[in-house]
Amino acid sequence: MVDIKWEELGFSYIKTPYRFIAHWRDGAWDEGTLTEDNQLHISEGSPALHYGQQCFEGLKAYRRKDGKINLFRPDQNSQRMNRSARRLLMPMVPEELFLKGVKETVKANEEYVPPYGSGATLYIRPLLIGVGDNIGVHPATEYIFLVFCMPVGAYFKGGLTPTNFIVSEYDRAAPKGTGADKVGGNYAASLMPGKLAHERHFSDCIYLDPETHTKIEEVGSANFFGITAENQFVTPKSPSILPSITKYSLLQLAEECLGMAVVEGDCPIDELDRFVEAGACGTAAAISPIGGIQNGEDFHVFYSETEVGPVTQRLYDELIGIQFGDIEAPDGWIQVIEV
Ligand code: PLP
Ligand code: COI
């Protein structure tokens, strides 16, 4: 047994024994292999290093009560990785190779999948990078697909206790840029605003739409949702936010299981009092209630700064119940890894 205090885990890098690596050369992927080496040896000219020709994914493995392991909608991560790849002129990673990489990595590191009931999960990070000798602004001639993983706890320190967020003056993405793709450049742009938010003791930034700066776009690492007094689940619709798999799952669960009206639409930043509850949702964030949002001089509190709201709690119970295998999932959402 590995010696990890599962309940105390945050969201930090831990070197697990195995990772999966595949190479794309001469127009084709090799079959990929597991390796114990967590260092990459790549050309100094690699376009991933200079011009950000890279994309990544994030998904989790959940230990079930019966000891088996659930993957939550990994096909959706595969499809999103291929949309990101297409945008940056990188080769598609066939879904079969993507799933093989994810499943082999989880199986090989099985003892790092946290126990059921610990609250922790195994975070899986697939990565696609352009490598090889290059100096001009051109796509790479060779690519690496890598999958590694580590056990994690809550991304935002509060877990299900609300935390506060601050509206950023900066943009993470341009109106017709790469905001909808999971590419490193978006996150590079978010580092400084994120640091400014942390320095003021906020969990993260809320970005506004880059065109008018009047509507909530998303959090730096998760999508935004609000609950209205009329029991509507509302989440921003914008071409420059990351299409969160968690968010689309919640839209479906809110409608089908909680009987809520669901709306993907505008969330003007000066109409926060529409919402009686608000939250951030994503793979790492899971569902993290938002206590309040600082916008310039104004601080708007939603349900409470200390207690999760009842609708957010019900959404959380439904989603987490499905992910850990305690509640039956909609068709195709769960892939079980037998161990
Ligand atoms: N928005 C951003 C910027 C993210 O980094 C993430 C994390 O993946 C999300 C939203 C949530 O997406 P998902 O639910 O697919 O993890
Ligand atoms: C995720 O939720 O998977 C993310 O990628 C968010 C963050 C760690 C960048």
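The values are calculated or read from the model by the stated rules, or taken from the named source; none is laboratory data. Nothing here was measured: the structure is a model prediction, and the numbers come from that model. Cβ atoms come from the backbone with ideal geometry, glycine included; neighbour counts cover every protein chain shown.
Quick notes
- The set of residues from region 156-171 being at pLDDT 95 or above, within 16 Å of ligand 1 (Cβ to nearest atom) and in a loop (DSSP other than H, G, I, E, B) comprises Ser168, Tyr170, Asp171.
- Just one residue in the set Arg86, Arg64 is in contact with a Gly (Cβ under 8 Å, 6 or more places away or on another chain) and among the basic types (Lys, Arg); that residue is Arg64.
- Any pair with Cβ under 8 angstrom, 6 or more apart, that starts in region 121-140 at a residue that is within 16 Å of ligand 1 (Cβ to nearest atom) and ends at one that is at pLDDT below 95: none
- Taking the numbered list (1) part of a strand (DSSP E or B); (2) at positive phi in turn, Asn223 passes all entries but (2).
- Some residue of region 74-83 being at pLDDT 95 or above, in contact with a strand residue (DSSP E or B) (Cβ under 6 Å, 6 or more places away or on another chain), surrounded by fewer than 15 Cβ atoms within 10 Å (Cβ to Cβ) and outside any loop (DSSP other than H, G, I, E, B): no
- Count - residues of region 234-274 that are outside any loop (DSSP other than H, G, I, E, B), within 15 Å of ligand 1 (Cβ to nearest atom) and in contact with a strand residue (DSSP E or B) (Cβ under 7 Å, 6 or more places away or on another chain): 8
- Residue match in region 277-290 (condition: of a type outside the set (Asp, Glu), more than 16 Å from ligand 2 (Cβ to nearest atom), closer than 21 Å to Phe202 by Cβ and surrounded by fewer than 22 Cβ atoms within 10 Å (Cβ to Cβ)): no
- Scanning region 295-338 for residues that are among the hydroxyl-bearing types (Ser, Thr, Tyr) and closer than 24 Å to Gly117 by Cα gives Thr306, Thr312, Tyr316.
- Under the condition of being over 14 Å from Ile227 (Cβ atoms) and outside any loop (DSSP other than H, G, I, E, B), the residues counted in region 275-287 number 2.
- Candidates in region 295-339 are the residues that are in contact with a helix residue (DSSP H, G or I) (Cβ under 9 Å, 6 or more places away or on another chain) and under 27 Å from His213 (Cα atoms); of these, the one that is surrounded by the fewest Cβ atoms within 10 Å (Cβ to Cβ) is Asp298.
- Candidate set: region 197-220, residues that are outside any loop (DSSP other than H, G, I, E, B) and loosely packed, with under 15 Cβ neighbours inside 10 Å; chosen: the one nearest to ligand 1 (Cβ to nearest atom): His198
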